[in-house]
Amino acid sequence: MLIREAKFSDYSNIILLINRNGLKHCSEDEWKNLWIKNPVFLEYKTSLGWVAEIKSNIIGYFGTFPMQYHFKNKSYIAAASHTLVVDEGYRGITMKLAMNFFNQKNVDLFLMTTVGHPAANKLFRIYKAKEMPDNNYQRSLFLILKFENIIEFIEGYSPFLKKIPSKILLQVGKVFLNRRINYWRKKSYKNVRMIDAFDDRFNILWEKYLNQHSEILCFNRSQQSLTWHYGHLIKNKGWVVVHESDGIMDGYIICIEKKNNGLTKMVAVDLVVVAEFSETIYEALLLRSANEASNRGYDIFELVGFNKEIKRHFYNLKPFTRRFSLCPYLYKTDHENLKIPLSKEEHWNPSMIDGDASI
């Protein structure tokens, strides 16, 4: 067995491996985009990840890509984990693949943002990865857009509810939940519009945001960085809504489509406001996106992560909540400037912009 660094030419064999193990995968263009247009990768030429192969047959893969973060006016390089998969019968080599990830050089921070599976979660903890100290990421908030589809989804997971006709469940649910489900639809908003690309105004907004939040670990939200991360996704799997005051952009929201067990949902992956009086701006961005998601036929509009201040604005829309059984966001750092600060909740504002959570 050979364990080596992954190459772009490995894509087709990696996809075969992923398919054999029943996991989801992205297109070849989306996969390669993690590195080819990544400004950090272009500068530092970090690893694509590692494959384990037997006689040129790939039976294991652990991907990684770099991201730039800022904290207290300094920049840091983070290695994000992406897709850990090993064929049954060879899973003893999983530890070796993980070891390569944590042994990367010139990395200040390791991020694992999609480790809801107990086995993966346990594996990363062996290498002393920790839950970030913000419990907000273990609970999502969501608005129900298509109640009929939600009833059908719940029925599929409940033997008891399967015995009750869907029409009865729907009518009962509407009686007790109608006001809450439609509460946000009665609210108005203004000064927001949808755009189809990240322009240079995002650089100006990013500098303001960075100055206002230097005490929070922040992913680089420059125009170049956002274009790499989401430019291709907002064209057919999401959107960007901006808020403008007197012609100046002072906030935006990025929403990306996610599919889960038959439900379609639009997830707010980033929400940034730099204005002093932000209450109406946050609400306008959220409402515009919720309405867009509803018009496009999604079942749910969801918010995962973010700090208490941002979540407070979403709570104003009377959302429902769900809790993950495990925190899917782990991190590890030995950097002297990060180790102690990142053990404290106030230095985090986690969202699905981090790592591979929304790609």
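So what are the three principal axis dimensions of the stretch 2-132 from its Cα atoms, in whole Å, longest to shortest?
47, 31, 25
To two decimal places, what compactness ratio does the stretch 202-332 give when its Cα radius of gyration is scaled by 2.2 N^0.38 Å?
Details: Rg = 15.0 Å, N = 131, 2.2 N^0.38 = 14.0 Å.
Rounded to two decimals, the normalised Rg is 1.07.
Efficiency by 1/(1 + (r/R0)^6): what FRET value for Leu42 and Ala275, r their Cβ-Cβ distance, R0 = 56 Å, to the nearest 0.05? Mind showing how you got there, number by number?
Details: r = 33 Å, r/R0 = 0.59.
Calculated transfer efficiency: 0.95.
Just flag the GluC sites (Glu not before Pro) in the stretch 258-303 sitting in loop per DSSP whose Cβ has no more than 12 other Cβ atoms within 10 Å.
Values: sites: Glu276, Glu279, Glu283, Glu292, Glu302; in loops: Glu276.
The qualifying sites are Glu276.
Only four residue types carry charge here, +1 at the Cβ of Lys and Arg and -1 at the Cβ of Asp and Glu. Report the dipole size of the stretch 54-111 about the Cα centre in Debye, rounded to the nearest 20. Present the calculation step by step, with values, prior to reporting the outcome.
Details: 6 positive and 3 negative charges, 43 e Å.
Approximately 200 debye in magnitude.
Among the trypsin sites (Lys or Arg not before Pro) in the stretch 202-302, which ones are in a DSSP loop with at most 11 other Cβ atoms within 10 Å of the Cβ? Mind listing them?
Working: sites: Lys208, Arg221, Lys235, Lys237, Lys258, Lys259, Lys265, Arg288, Arg296; in loops: Arg221, Lys235, Lys237, Arg296.
Taking the stretch 202-302 and a limit of 11 other Cβ atoms within 10 Å, the loop trypsin sites (Lys or Arg not before Pro) found are Lys235.
Taking chymotrypsin sites (Phe, Trp or Tyr not before Pro) that fall in a DSSP loop and have at most 13 other Cβ atoms within 10 Å as cut points, what is the longest piece of the chain between them?
Values: sites that count: Tyr90, Phe277, Phe324.
Between exposed loop sites, the widest span is 91-276.
Restricting to DSSP loop positions (anything but H, G, I, E, B) with no more than 12 other Cβ atoms inside 10 Å of their own Cβ, which GluC sites (Glu not before Pro) remain in the stretch 308-359?
Details: sites: Glu309, Glu336, Glu345, Glu346; in loops: Glu336.
Qualifying residues, ordered by number: Glu336.
Based solely on its DSSP helices, what 222 nm [θ] is calculated for the chain when runs of n ≥ 4 H residues each add -39,500 (n - 2.57) and the sum is averaged over all residues, nearest 500 deg cm²/dmol?
Working: 12 runs with 120 residues, N = 359.
Helices in the chain give a 222 nm mean residue ellipticity of -10000 deg cm²/dmol.
Starting from the Cα of Lys45, draw a straight line to each of the aspartates and glutamates and keep only those under 16 Å, dropping any in the same chain fewer than 8 residues away.
Within the straight-line limit of under 16 Å, Lys45 reaches these aspartates and glutamates: Glu5, Asp108.
R0 = 35 Å: FRET efficiency of Ser75 with Asn19, Cβ-based, nearest 0.05? Before the final figure, lay out the partial values.
Values: r = 38 Å, r/R0 = 1.07.
Efficiency for this residue pair is about 0.40.
Laboratory data are not the source of any read-out in this text; all were calculated from the coordinates shown. Note that the structure is predicted; figures quoted are calculated from it, not measured. Backbone-built Cβ (ideal geometry, glycine too); neighbour counts: all protein chains shown.
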